[in-house]
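**Student:** Just passing along the structure, written as C-alpha cells.
Here, each number is a calculation from the coordinates, and none is a lab measurement. Remember, it's a predicted structure, so these values are computed and weren't measured experimentally. So basically every Cβ, Gly included, is an ideal-geometry build from the backbone, and we count neighbours across all protein chains shown.
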C-alpha cells in the first residue's frame, strides 16, 4: 500500500528520516511479525509514520505516544489523509518515564533519538527531542529497556530501529538478560546527519569518537548502520 506522510511545520515535527524509514522497509521482510489485529504502541510517534503504517497493515488499535505536543495533531492528520479509521488511534503526550497506559500492548515500535547531547547544539524543541538524547544518545533506549516489561504483554514484540552510534550490543545484552529473544530483520547503512548540525559538526563527531573509543559506537567516517531489531518477550517467566 502506498502511504503519504506530511509534516505541516518542519520546525516542530521531524520529517521521517532514513533511520525511521528503514524500519518500515524491514516490516516488508519475510521475518517481520504479523500486524493484523494487534494492539500497538507507537513510542515516539513524531509525524505518525508508524501509526499510519500499523493501521494500514490491519492493527486493531494504535496508541501514539510522544513527548512533543505537536505530534498528536500531525499523527491524526496523517491517519485521516491516508483514509484510515482514526477511531482506532489514541494519541498521548507524555515522557515515556511518566506514561502509565493501564494495559499492555501486543507490539511496541520505536525509533529512538540516537545522537549524543551537547549544550553547544541543544535547542530544546520537538526536532531536537527526535534526534538528540543524553547519556551518549542512549537515554530513550535505556528508558525503553527499563519500561518494556510494563508496556509489552507476555509473548509480545518490540520492534526497534537501533543506531550503531548508540551501543547496539548493550541493548541486546540487557533485553536478553530479561528473557527476550532478539532477531535482526535487516541492517541499513547510511550517513550520520551532520548536515543538520553543520555548525557543530566537530563537536558532534568528537563526542561520537569518544563513544567509539569506549566501544559504545560503531561508524566509519561519516557512515553508520541502523539495525531493524525484533525482540520477543517470553510467554511466561518459565520460558526465561
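**Student:** Could I have the simple spin-label model distance between residue 11 and residue 147, label points 7 Å from Cα toward Cβ, reported in nm to one decimal?
**Tutor:** My value for the distance between the label points is 2.9 nm.
**Student:** In deg cm²/dmol, rounded to 500, what helix-only [θ] at 222 nm does the chain give when every DSSP H run of at least 4 residues adds -39500 (n - 2.57) and the total is split over its residues?
**Tutor:** Value at 222 nm, helices only, nearest 500: -9000 deg cm²/dmol.
**Student:** Now for a different question. Taking the simple approach of a point 7 Å from Cα along Cα-to-Cβ for both residue 135 and residue 1, what is their distance in nm?
**Tutor:** 3.5 nm
**Student:** At R0 = 45 Å, how high is the FRET efficiency between residue 210 and residue 30 if r is their beta carbon distance? Nearest 0.05 is fine.
**Tutor:** Computed FRET efficiency for residue 210 and residue 30 comes out at 0.70.
**Student:** For 75, 176, 171, what ranking results if the residue with the fewest other Cβ atoms within 10 Å of its Cβ goes first?
**Tutor:** Fewest to most other Cβ atoms nearby, the residues stand as 176, 171, 75.
**Student:** Related question: For the chain, what does the relative contact order come out to in percent, with C-alpha contacts under 8 Å and a separation of six or more?
**Tutor:** 20 percent
**Student:** Label the range 135-188 by shape, choosing from rounded, prolate and oblate, from the square roots a ≥ b ≥ c of the eigenvalues of the Cα gyration tensor; if a/c is under 1.5 it is rounded, and otherwise prolate applies when a/b is larger than b/c, oblate when it is not.
**Tutor:** Here the range 135-188 falls in the oblate category.
**Student:** What is the fewest-to-most order of 235, 175 by other Cβ atoms lying within 10 Å of their Cβ?
**Tutor:** 235, 175
**Student:** Further, regarding this structure: Could you compute the FRET efficiency for residue 120 and residue 98, with r as their C-beta to C-beta distance and R0 at 30 Å, rounded to 0.05?
**Tutor:** 0.60
**Student:** If you don't mind, another one. Can you compute the FRET efficiency between residue 178 and residue 85 using 1/(1 + (r/R0)^6), with r the Cβ-Cβ distance and R0 = 41 Å? Round to the nearest 0.05.
**Tutor:** Calculated value: 0.75.
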